[in-house]
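To start, the structure under review is shown below, and the notes come after it.
The values are calculated or read from the model by the stated rules, or taken from the named source; none is laboratory data. In this text the structure is predicted, and so the values were computed from the model without any measurement. A quick note on method: Cβ atoms are made from the backbone with ideal geometry, for glycine too, and the neighbour counts reach across all protein chains shown.
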Amino acid sequence: MNTSTTHHALSKVPEITLGFWLIKIAATTLGETGGDALSMSLNLGYLVSTAIFAVVFLAAVSAQIRARAFRPALYWLTIVATTTVGTTLADFADRSLGIGYAGGSALLLALLLLSLAAWYRSMGTVSVDTVNSPKAELFYWVTIMFSQTLGTALGDWTADTIGLGYLGGMLVFVTLLAALAAAYYWTSISRTLLFWAAFILTRPLGAVVGDFLDKPLQSGGLALSRFSASAVLVSFMVICILLLPQRAAARASH
């Protein structure tokens, strides 16, 4: 087996396709409804819920790193784990610690940038094409966890503090993602930069969609059960994973 084939087989992350982004948005929305289901519907609070989801996150990342090849179900379970712990962690920082959405967003952005900087300094790149070693995977998942947490705070800040509401927040993030897609097809901007920008922005989109689904009517939501909304999102993800191509990303040749 040649080197490129070996690297491809060892890749642990999926190829970036339209299917990837559809499942990612569903996963981030599930993170919002699922996180709120534990912290609010079951009244466990943000801190206890964060501890529970943190255990799931650590177990999922450990299993993902130990896996010898890309496993779609395991990968997306780990993504969901990052977005649920991100939801409750951001809510704990923003509301329980009282630093507010703007303060939480600024803090989490700093942590995300530090994670990316440490990854780049250690590995020489932050491209997902090079995530084929335990060290790179660890950086990858820590960075994703920070990006998911930042996205929760950013989504809440846009919808609540700025006052755009859930539909207004959705419009903002859909527009920004459309601009990134246009940049991907019609400019030479770094694909790695565009990927991480899109990855981060899909999380606040999921946050406002999730809030729109389960918040009360008087708050601008649809007042759906958080558990029902979560079940629908899980079903949608499973269907997408089964029907849409889920291949491991090829490693960059450089």
>> Residues to consider are 28, 84, 50; find the one that is modelled with pLDDT of 90 or more, closer than 16 Å to residue 240 by Cα and in contact with a helix residue (DSSP H, G or I) (Cβ under 6 Å, 6 or more places away or on another chain).
In response: 28
> When residue 106 is evaluated against the numbered criteria (1) surrounded by fewer than 19 Cβ atoms within 10 Å (Cβ to Cβ); (2) under 18 Å from the mean Cα position of the chain (by Cα); (3) at pLDDT 90 or above, which criterion, by number, is the only one it fails?
Replying inline: (3)
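Condition check ((1) over 30 Å from residue 118 (Cα atoms); (2) in a helix (DSSP H, G or I); (3) in contact with a helix residue (DSSP H, G or I) (Cβ under 8 Å, 6 or more places away or on another chain)) across all residues:
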{"residue": "188", "(1), (2), (3)": "no, no, no"}
{"residue": "198", "(1), (2), (3)": "no, yes, yes"}
{"residue": "211", "(1), (2), (3)": "yes, yes, yes"}
{"residue": "218", "(1), (2), (3)": "yes, yes, no"}
{"residue": "234", "(1), (2), (3)": "yes, yes, yes"}
{"residue": "242", "(1), (2), (3)": "yes, yes, no"}
>> Taking the criterion of being exposed (fewer than 15 other Cβ atoms within 10 Å of the Cβ), at pLDDT below 95, over 18 Å from residue 89 (Cβ atoms) and out of contact with any Phe, Trp or Tyr (no Cβ under 9 Å at 6 or more places or on another chain), would at least one residue in segment 195-202 satisfy it?
In response: no
>> Just to be sure I understand the filter: pairs with C-beta atoms under 8 Å, separated by 6 or more residues or on different chains, first member in segment 230-249 and farther than 20 Å from residue 13 by Cβ, second member of a type in the set (S, T, N, Q) and crowded, with 16+ Cβ neighbours inside 10 Å. Which pairs pass?
In response: 230/33; 233/29; 233/33
> Among the listed residues 122, 115, 127, 133, which satisfies the condition of being among the small types (Gly, Ala, Ser) and closer than 17 Å to residue 82 by Cα?
Replying inline: 115
> Filtering segment 226-254 down to residues that are modelled with pLDDT under 90 and surrounded by fewer than 18 Cβ atoms within 10 Å (Cβ to Cβ), which residue is nearest to residue 191 (Cα to Cα)?
Replying inline: 252
> Of all residues in segment 22-68 being without any contact (Cβ under 8 Å) to a residue 12 or more places away in the chain and part of a loop (DSSP other than H, G, I, E, B), which is surrounded by the most Cβ atoms within 10 Å (Cβ to Cβ)?
Replying inline: 44
> Does segment 147-156 contain at least one residue that is assigned to a helix (DSSP H, G or I), within 15 Å of the chain's Cα centre (by Cα), surrounded by fewer than 22 Cβ atoms within 10 Å (Cβ to Cβ) and touching a residue at least 60 places away in the same chain (Cβ under 8 Å)?
Replying inline: no
> How many residues are surrounded by 14 or more Cβ atoms within 10 Å (Cβ to Cβ), at pLDDT 85 or above and under 19 Å from the mean Cα position of the chain (by Cα) when one looks only at segment 109-136?
Replying inline: 11
> If you check residue 174 against the conditions, is it β-branched (Val, Ile, Thr), out of contact with any Leu (no Cβ under 8 Å at 6 or more places or on another chain) and in a helix (DSSP H, G or I)?
Replying inline: no
